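Report on the following structure.
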Amino acid sequence: MSDDLVSIVQELRDINKRLSNCYKEMWTKSKEYSKAEQEYKVALQKRIMELKAEGMSVTLIPDLARGTEQVAELKFQRDLNERLYDTSKEAIRSLRTIASVYQSILRQQDEI
């Protein structure tokens, strides 16, 4: 096997390790996103109930509840965790594409 093919095989092994780490990272980000979503929804619901109990106009409640500092911060954390999760998925897609390119090169070399 030529040095080029050896380096491609080594790259594929490295990509496989990186993919494994990315899947673990994605799992972690998934849990963090789900937890942030839960915290945001619970805080939003509590604030909505508080505003209803205060007799606030029903049409204003959703905007006022979301504008509360605590609720807005939780929404920010939720959105941030969602983007981190999406970034993990994109990293996996990218690594898969690179692996596919290397595999194609190896197939071409086998045919030669």
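The values are calculated or read from the model by the stated rules, or taken from the named source; none is laboratory data. Not measured: the values here are computed from a predicted model. Here the Cβ is made from the backbone with ideal geometry for all residues, glycine too, and neighbour counts use every protein chain on show. With ligands, DNA and RNA removed, areas are computed over all heavy atoms of the protein, side chains included. Shrake-Rupley method; radii C 1.70, N 1.55, O 1.52, S 1.80 Å.
Taking residue 104 as the residue in question, decide whether it is in a helix (DSSP H, G or I), open to solvent by less than 70 Å² (accessible area, probe 1.4 Å), within 30 Å of residue 11 (Cα to Cα) and at pLDDT 95 or above.
Details: in a helix (DSSP H, G or I): yes; open to solvent by less than 70 Å² (accessible area, probe 1.4 Å): yes; within 30 Å of residue 11 (Cα to Cα): yes; at pLDDT 95 or above: no.
The answer is no for residue 104.
If I go through region 73-90 residue by residue, how many of them are open to solvent by 60 Å² or more (accessible area, probe 1.4 Å) and either of a type in the set (Gly, Ala, Ser) or in contact with a helix residue (DSSP H, G or I) (Cβ under 7 Å, 6 or more places away or on another chain) (or both)?
4
Is one or more of the residues making up region 62-76 modelled with pLDDT under 95 and not in a helix (DSSP H, G or I)?
Yes.
Hey, can you tell me all the residues within region 54-72 that are farther than 21 Å from residue 39 by Cβ and open to solvent by 90 Å² or more (accessible area, probe 1.4 Å)?
Taking region 54-72 first, the residues farther than 21 Å from residue 39 by Cβ are 54-60.
Within region 54-72, 54, 58, 59 qualify.
Restricting attention to region 1-46, which residues are charged (D, E, K, R) and either closer than 20 Å to residue 80 by Cβ or touching a Cys at 6+ places or on another chain (Cβ under 6 Å) (or both)? It would help to see each step written out before you state the result.
Step one: list which residues in region 1-46 are charged (D, E, K, R), which gives 3-4, 11, 13-14, 17-18, 24-25, 29, 31-32, 35, 37, 39, 41, 46.
Those that are charged (D, E, K, R) and either closer than 20 Å to residue 80 by Cβ or touching a Cys at 6+ places or on another chain (Cβ under 6 Å) (or both): 24, 25, 29, 31, 32, 35, 37, 39, 41.
With the condition kept exactly as written, say whether any residue in region 23-41 is open to solvent by 90 Å² or more (accessible area, probe 1.4 Å), closer than 30 Å to residue 4 by Cα and within 23 Å of the chain's Cα centre (by Cα). Quick ask: steps written out before the conclusion?
Taking region 23-41 and keeping what is open to solvent by 90 Å² or more (accessible area, probe 1.4 Å), we get 23-24, 27, 31, 35, 38, 41.
Adding the requirement that they be closer than 30 Å to residue 4 by Cα leaves 23.
Cutting the leftovers down to within 23 Å of the chain's Cα centre (by Cα) gives us 23.
Looking for residues that are open to solvent by 90 Å² or more (accessible area, probe 1.4 Å), closer than 30 Å to residue 4 by Cα and within 23 Å of the chain's Cα centre (by Cα), one finds at least one in region 23-41, hence yes.
Taking the condition hydrophobic (A, V, I, L, M, F, W, C), over 23 Å from residue 100 (Cα atoms), within 24 Å of the chain's Cα centre (by Cα) and modelled with pLDDT of 95 or more, does residue 53 pass?
For residue 53, the condition - hydrophobic (A, V, I, L, M, F, W, C), over 23 Å from residue 100 (Cα atoms), within 24 Å of the chain's Cα centre (by Cα) and modelled with pLDDT of 95 or more - is not met.
Just a yes or no: is a residue in region 17-28 over 30 Å from residue 104 (Cβ atoms) and assigned to a helix (DSSP H, G or I)?
Applying the first criterion (over 30 Å from residue 104 (Cβ atoms)) to region 17-28 yields 28.
If we keep only those that are assigned to a helix (DSSP H, G or I) as well, we get 28.
Looking for residues that are over 30 Å from residue 104 (Cβ atoms) and assigned to a helix (DSSP H, G or I), one finds at least one in region 17-28, hence yes.
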